[in-house]
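The values are calculated or read from the model by the stated rules, or taken from the named source; none is laboratory data. The model shown is predicted, which means the values in this text are computed figures rather than measured ones. Because the Cβ atoms are built from the backbone with ideal geometry, glycine has one as well, and the counts that use them run over all protein chains shown. Areas reflect the complete protein model, heavy atoms only, side chains present, ligands, DNA and RNA absent. Shrake-Rupley method; radii C 1.70, N 1.55, O 1.52, S 1.80 Å.
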Protein chains: 2
Amino acid sequence: MPLKLYIAGPEVFLPNAREVMKEKTALCRKYGFEAICPGDLDIPPSPTKKGFGLAISKVDEEMMNSADGVIANLTPFRGIAADVGTCFELGYMCAQGKLVAAYTNVTAGHYERTLDYYNGKVEKGADGHTRGPDGLSLEDFEMFDNLMLHGGVERRGGHVAIHSAAPDALYTDLTAFEECLKVLAENRIAPDEGMRPEELDASNDD
Amino acid sequence: MPLKLYIAGPEVFLPNAREVMKEKTALCRKYGFEAICPGDLDIPPSPTKKGFGLAISKVDEEMMNSADGVIANLTPFRGIAADVGTCFELGYMCAQGKLVAAYTNVTAGHYERTLDYYNGKVEKGADGHTRGPDGLSLEDFEMFDNLMLHGGVERRGGHVAIHSAAPDALYTDLTAFEECLKVLAENRIAPDEGMRPEELDASNDD
């Protein structure tokens with residue numbers, strides 16, 4: 001039985017979402033994995049918009065519960081940070097001790113993007129924290145996004161792939177996605193050998 | 001033993017983060033809960049920035065593992081969506097079957113904020129989806145943010161508090177936070193009675 005990977009990312013919002021999911025599914029198969037993609041299943045109709053949204057939430061969580069791991073596309077989405085739905089899903093899979101990997105198609109790191117957000121207008125305060133004009137501090141941990149995301153993946157031994165995609169291929173360039181698959185295939189272990197939260201430490205910094 | 005609530009939210013980035021955390025801790029106590037706040041513990045020093053970030057990730061996950069529930073501040077942060085670290089944490093706690101509640105200090109919903117992001121320049125395509133000029137579709141589920149967040153909380157019977165805070169009190173106004181505490185106190189149950197993923201359904205739409 002191939003390991004099942006949940007495909008998390010904002011590509012579900014693309015006009016050609018199904019096509020991208022098919023490509024991702026084919027790549028998973030190439031490396032010996034089975035892809036589980038949100039949107040693959042028919043969502044039961046609902047009398048209300050909110051009811052339909054809740055039904056999608058249910059199906060997506062069930063898909064994650066049935067998966068052995070996740071590859072999360074954390075490319076910035078409508079702003080400087082990753083898609084929030086994908087971040088929820090990454091946290092969900094980390095808590096279950098599943099295999100995790102993540103990628104971004106933007107090479108500028110979290111600190112650099114936040115600096116851009118403030119047009120460089122940041123100042124170092126008396127408390128040692130660098131802050132924007134709104135007073136909010138900037139994380140500067142040489143990570144690609146918030147430390148819970150980058151840290152959550154790396155501390156579990158998960159791979160983080162960082163790639164520079166062309167602007168018109170920000171959510172369709174699968175170079176970094178494939179890099180995650182390669183590493184997962186090289187380190188393939190049985191699902192029940194995945195690490196539990198209590199086995200983790202922060203010792204794998206580089 | 002009072003139930004322990006992990007306090008998730010972008011207020012950790014405020015200049016007066018400790019003060020806000022003290023206020024939140026006092027409110028938790030008022031309703032019979034114990035607050036577990038990121039930043040409460042000393043983080044061990046590290047020779048690298050990244051090592052320090054990984055150490056914080058470890059401490060925060062351990063705090064979540066020891067908590068019985070979470071109140072997530074999902075007020076939009078540096079853009080139109082919630083803080084991505086908080087979203088990771090909400091997903092993490094949902095997967096563990098813990099008590100969940102969430103609030104936002106902005107009343108404009110997810111669809112409305114995304115419409116603003118595109119300056120109203122959206123179009124309905126042949127596939128029935130409303131899309132921005134970049135082709136990305138807009139979620140329109142009458143939710144306050146991405147469906148995995150709003151859905152993840154509501155499907156577990158968790159309370160969602162929506163409040164309009166003054167712009168200068170966006171991350172310090174605790175009206176909605178206190179509303180979550182009130183509801184959690186009213187529905188207080190033992191930690192081991194929390195719902196597991198397999199017990200959930202999407203039937204509680206309104």
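So here's what we get for this one:
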| item | result |
| --- | --- |
| Residue list for region A:141-174, restricted to those being out of contact with any Ser or Thr (no Cβ under 8 Å at 6 or more places or on another chain), more than 20 Å from A:L99 (Cβ to Cβ) and not in a loop (DSSP other than H, G, I, E, B) | A:P167, A:D168, A:A169 |
| Filtered residues of region B:93-140 (kept if out of contact with any Ser or Thr (no Cβ under 9 Å at 6 or more places or on another chain), over 19 Å from A:R78 (Cα atoms) and open to solvent by 30 Å² or more (accessible area, probe 1.4 Å)) | B:Q96, B:K98, B:L99, B:A126, B:G128 |
| Top-ranked residue of region A:141-173 - restricted to ones that are acidic (D, E), at negative phi and at the interface with chain B (Cβ under 7 Å from one of its Cβ atoms), ranked as least open to solvent (accessible area, probe 1.4 Å) | A:D145 |
| From the options A:Y103, A:Y111, residue that is among the aromatic types (F, W, Y) and in a helix (DSSP H, G or I) | A:Y111 |
| Count of residues meeting criterion [open to solvent by less than 20 Å² (accessible area, probe 1.4 Å) and among the charged types (D, E, K, R)] in region A:28-43 | 0 |
| In region B:1-49, the residues that are hydroxyl-bearing (S, T, Y) and either at pLDDT 95 or above or under 18 Å from B:A102 (Cα atoms) (or both) | B:Y6, B:T25, B:Y31, B:T48 |
| Among the residues listed as B:S46, B:S57, the single one being among the hydroxyl-bearing types (S, T, Y), open to solvent by 10 Å² or more (accessible area, probe 1.4 Å) and either in a helix (DSSP H, G or I) or within 10 Å of another protein chain (Cβ to nearest Cβ) (or both) | B:S46 |
| Some residue of region A:177-192 being modelled with pLDDT of 55 or more, under 18 Å from A:A108 (Cα atoms), away from chain B (no Cβ under 14 Å) and not in a loop (DSSP other than H, G, I, E, B) | yes |
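A quick yes/no check of all residues on (1) within 21 Å of A:R113 (Cα to Cα); (2) of a type outside the set (A, V, I, L, M, F, W, C); (3) more than 7 Å from every other protein chain (Cβ to nearest Cβ):
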site: B:K22; (1), (2), (3): no, yes, yes
site: B:C37; (1), (2), (3): no, no, yes
site: B:E62; (1), (2), (3): no, yes, yes
site: B:G69; (1), (2), (3): no, yes, yes
site: B:F88; (1), (2), (3): yes, no, no
site: B:N119; (1), (2), (3): no, yes, yes
